[in-house]
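Reading through the structure tokens given below for one structure.
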């Protein structure tokens, strides 16, 4: 399923770094679980949280056997966008992301001249994801309110700072300074904290760097990016 900010392409590079520091039985916690590209590749005790309640409803339903629809018309898309309360939350979550340009939350009905069926692709992708979600505890709310088990490994993929509106639409409303301070507090509590970002404060060290390209919006324009994985060093 398309989702803005997904770590699908770089999971194989950053997971080994984090898993090498994970202790047996240690909880894996993602305060910004997104499409679940990372958490679905991890075994054991896991908590996935996201502030978007519809996304969490979708992931929970898929974990429990829900198969999203394979056809969503333009009229259906905008009807659901206009009155989401009239529809099951998992359906709203699916339509809001899988059927939108660039995976941006209700960012416009996606279609092309070749008749590509994005709903079918999204549904198929989520069905494949279901096995990896087995056993994940899903929660919805602010990362600030998330209850985290003692001595967990926390992986954060927050809205990135200083990016274009096409890369992450919510970045302007996110308090990045408060986020980094929260990470420091969690580390001092005994948690192992990793963060995906392009840059970080000086007390966070880069432990993995990945160079890749992203496509902005629905345009055929590839932009180079250097994505980094940081760990709090104190």
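Per DSSP helix of 4 or more residues, -39500 (n - 2.57); summed, then divided by the residues of the chain. What does that give at 222 nm, rounded to the nearest 500? Intermediate results must be reported in sequence, preceding the final value.
On the way: 6 runs with 68 residues, N = 234.
Helix contribution divided over all residues of the chain: -9000 deg cm²/dmol.
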(message) As I understand it, the value is the acute angle between the Cα axis of helix 176-188 and the longest principal axis of the Cα atoms of the chain; what does it come to in degrees, rounded to 10?
(response) 50
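Over segment 1-137, what is the relative contact order in percent, taking alpha-carbon pairs closer than 8 angstrom and at least six residues apart? Provide the component values of the computation, followed by the final result.
Numbers: 194 pairs, mean separation 41.4, N = 137.
Rounded, it is 30 percent for segment 1-137.
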(request) For the chain, set up a Gaussian network in which alpha carbons nearer than 10 Å are linked by springs, and say which option among 106, 97, 174 fluctuates the most. (result) 174
(request) May I ask what percent, to the nearest 5, of DSSP beta bridges between residues of the chain are antiparallel? (result) 55
(request) Find the centroid of the Cα atoms in segment 94-133 and in segment 174-196, then give the distance between the two in whole Å. (result) 32
(message) Starting from the 7 Å offset along Cα-to-Cβ, what nm value, one decimal, do you get for the label separation of residue 111 and residue 189?
(response) 4.7
(message) Can you classify segment 106-153 as rounded, prolate or oblate using the Cα gyration tensor, where a ≥ b ≥ c are the square roots of its eigenvalues, rounded means a/c under 1.5, and otherwise it's prolate if a/b beats b/c and oblate if not?
(response) oblate
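Compute the Rg/Rh shape ratio of segment 11-232: radius of gyration over Kirkwood radius, all on alpha-carbon atoms. Mind showing how you got there, number by number?
Values: Rg = 17.8 Å, Rh = 18.5 Å.
Checking Rg against Rh, the ratio lands at 0.96.
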(message) On C-alpha positions alone, give me the angle between the axis of helix 53-63 and the longest principal axis of the chain, in degrees, nearest 10.
(response) 90
(message) For the chain, take the longest principal axis of its alpha carbons; what is the angle in degrees between that and the long axis of helix 89-98, to the nearest 10 within 0 to 90?
(response) 90
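Run the numbers on the chain and let me know its relative contact order in percent, using alpha-carbon pairs under 8 Å that are six or more apart. Please report the intermediate quantities before stating the final value.
Values: 410 pairs, mean separation 52.1, N = 234.
RCO, the chain: 22 percent.
The numbers here are math on the coordinates, done by the rules we state, and not lab data. Remember, it's a predicted structure, so these values are computed and weren't measured experimentally. Counting neighbours? That spans all protein chains shown, and the Cβs are built from the backbone with ideal geometry, glycine included.
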